[in-house]
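**Q** Quick one: this structure, given as structure tokens, is what I'll be asking you about.
The values are calculated or read from the model by the stated rules, or taken from the named source; none is laboratory data. As the structure is a computational prediction, the values presented were derived from the model and not from experiment. Glycine gets a Cβ as well: all are built from the backbone with ideal geometry, and neighbour counts include every protein chain shown. Heavy atoms of the whole protein, side chains included, go into the accessibility calculation; ligands, DNA and RNA do not. Shrake-Rupley method; radii C 1.70, N 1.55, O 1.52, S 1.80 Å.
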Amino acid sequence: MLALPLFKCCVFCSSWIIPAQIFIFLNTICLEVLPATMTEALAAPLGIQRLRAGPCPPHASPAQCHLMLCPWKDCASVGAGGPRLSGIRQSPQSPQSLACGAWQDKDPGSMGTLALQDSDPSPKVQPAQSEACWDVGPGEAKNQAADPQHWEAQLTRQCTGQPGREQRQKQAPGDCVMWISWWLWPLVGICMADRFREEAERIMRDTPVIDGHNDLPWQLLKKFNNQLRDQRANLTSLADTHTNIPKLKAGFVGGQFWSAYTPCETQNKDAVRRTLEQIDVIHRMCQMYPETFVCVTSSQGIRQAFQEGKVASLVGVEGGHSIDSSLGVLRALYHLGMRYLTLTHSCNTPWADNWLVDSGDDEAHSQGLSSFGQSVVREMNRLGILIDLAHVSVATMKATLKLSKAPVIFSHSSAYTLCAHRRNVPDDVLQLVNETGSLVMVNFYNDYVSCKTEATLSQVADHLDHIKKVAGAGAVGFGGDFDGVSRLPSGLEDVSKYPDLVAELLRRQWTEEEVRGALAVNLLRVFEAVEKVSDHTQSAEEEPIPLAELETSCRTTYGYSEAPSLHQQPGALLTALTPLLLSLSLL
């Protein structure tokens, strides 16, 4: 390893705290020059904006001696599909000025350095033969060597590694050249990653994440027919799922809405029975693992679970078809612990339209909400049930946001602007979310994150950023959809990865208050607002859905048959009265 001398042109970046183990070491070396291996992950946390070293050529203007270190997205590209600078861009005032930095083509193993000289705008790409590039900044020329050949020679030596007459020259007074061993920068990158990860864990110990949607109960049905005493179903060692107890603990999950889901094919059949079975398995999870789970039904219950170090377990029913268009069933599910109801899944109910209407794969029946659908919303407000708008059409979103007296949630949806999938939330709806104090809990499913089969943790953070920007920091939450999707982003493979996502938000300069909001505080605020609006002394909604709006092939008509004139269509009523009219005509 090459020796690291002390330099008088050292820089300390006050915008971040260097870990104690490397603080003294780094504070004695010049951070103005970076090696070719510098990447966005290191560049952004460092917060360095300028690189300066070496003598500025007398014939160059200050603008020509101006270079920046920038985030990856701001860096220059050379040619269509060509090499890309990893950390350096040219001055806007002088596009042809010197640029020196790392480049990489489609082959991850192909690395080198790139040099642009002010006298020659064409890029010169050479194999990586040196460990650092260097640059000069405005105001450096006054005390530097006045020999332009010396400056050009130093440039050639540093950026291309090519030998030249500069090897026979001594370094001019005022030069600042640094040689750094290759191991340093990966070490710094690891230390920075550790810093944000440690900060994330510190925050999450006090404010663990409340996730809006997890389909583990569905996996228990598919794999074990809800037989929790099956040895393979042991939640401490459960394999081939995104969720088990060790992963929940590693992910600092302190609250979970477990999905009581039954597919759309059960609509007008056994949807209610299937839903009851899924609620039952959630309750039995709490009974079998009391040291880990505690079933709760209120915001205060969540806070109490936090204090006890347990996972507050709540029931979310995914799909309005689970109530079989019955206000009585809605109330019964509330008494069994349901605390949110998703108004539709990926199918219309007789009273609300789903997202496939917007994609053209389904027809609108209710134009958002029917009259009975409005009764469902009012009754959910009265009872204190969170209204979930994941899976619904845009018309249903808007109608519900305007009607509901309490904030609503999107338990597992992302931002439409970043991924134009109809399951996501468009910006005009996000503005309504802001106006109503509602909440969007970001979904991690690749198809909703990147609109592709592959996605990254960083892209999930982009959705969180966008929702925060449009709807406000109080509108952001997490709804991973773990165990309900087949493809997850790299870096978010299971529920244990939440601290990495929080670390990414901290890296993006989210404040601690904003992070705590996204983790739990925002959901608790919405839940408390729903509880405040609820009023069990108020009269319940009683008007049933018209029989004509129901599919009747697999149901009886008790209640409806007593007052046919109120519920049957005119044609059906005429058919029922025909025998009576004929008998009267014969008299």
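**Q** Residues that are of a type in the set (A, V, I, L, M, F, W, C) and open to solvent by less than 10 Å² (accessible area, probe 1.4 Å): list the helices (runs of 4 or more DSSP H) wholly contained in the range 292-405 that include at least 1 such residues.
**A** Correct list: 299-308, 327-335, 371-383, 394-403.
**Q** Identify all residues within the range 533-565 that are surrounded by 12 or more Cβ atoms within 10 Å (Cβ to Cβ) and at pLDDT below 50; write none if there are none.
**A** PRO564, the sole residue that qualifies.
**Q** A follow-up question, please. Can you tell me which residue is surrounded by the most Cβ atoms within 10 Å (Cβ to Cβ) among those in the range 482-497 that are aliphatic (A, V, I, L, M) and under 14 Å from VAL442 (Cβ atoms)?
**A** Within the range 482-497, the match that is surrounded by the most Cβ atoms within 10 Å (Cβ to Cβ) is LEU492.
**Q** Hey, any hits in the range 219-226 for a residue that's open to solvent by less than 20 Å² (accessible area, probe 1.4 Å), at positive phi and at pLDDT 95 or above?
**A** The answer is yes, given that some residue of the range 219-226 is open to solvent by less than 20 Å² (accessible area, probe 1.4 Å), at positive phi and at pLDDT 95 or above.
**Q** Now a separate question. How many residues does the range 239-284 hold that are touching a residue at least 60 places away in the same chain (Cβ under 8 Å), within 20 Å of LYS310 (Cα to Cα) and either open to solvent by less than 20 Å² (accessible area, probe 1.4 Å) or not in a helix (DSSP H, G or I) (or both)?
**A** Going through the range 239-284 one residue at a time, the tally reaches 12.
**Q** Taking the range 443-457 as the region of interest, how many residues are buried (at least 17 other Cβ atoms within 10 Å of the Cβ) and not in a loop (DSSP other than H, G, I, E, B)?
**A** 5
**Q** Output the residues belonging to the range 206-238 that are outside any loop (DSSP other than H, G, I, E, B) and more than 25 Å from the chain's Cα centre (by Cα).
**A** Correct list: LEU220, LEU221, LYS222, LYS223, PHE224, GLN231, ARG232, ALA233.
**Q** Does VAL440 satisfy the criteria of being outside any loop (DSSP other than H, G, I, E, B), free of Cβ contacts under 8 Å to residues at least 40 places away in the same chain, under 12 Å from the mean Cα position of the chain (by Cα) and closer than 21 Å to HIS391 by Cα?
**A** yes
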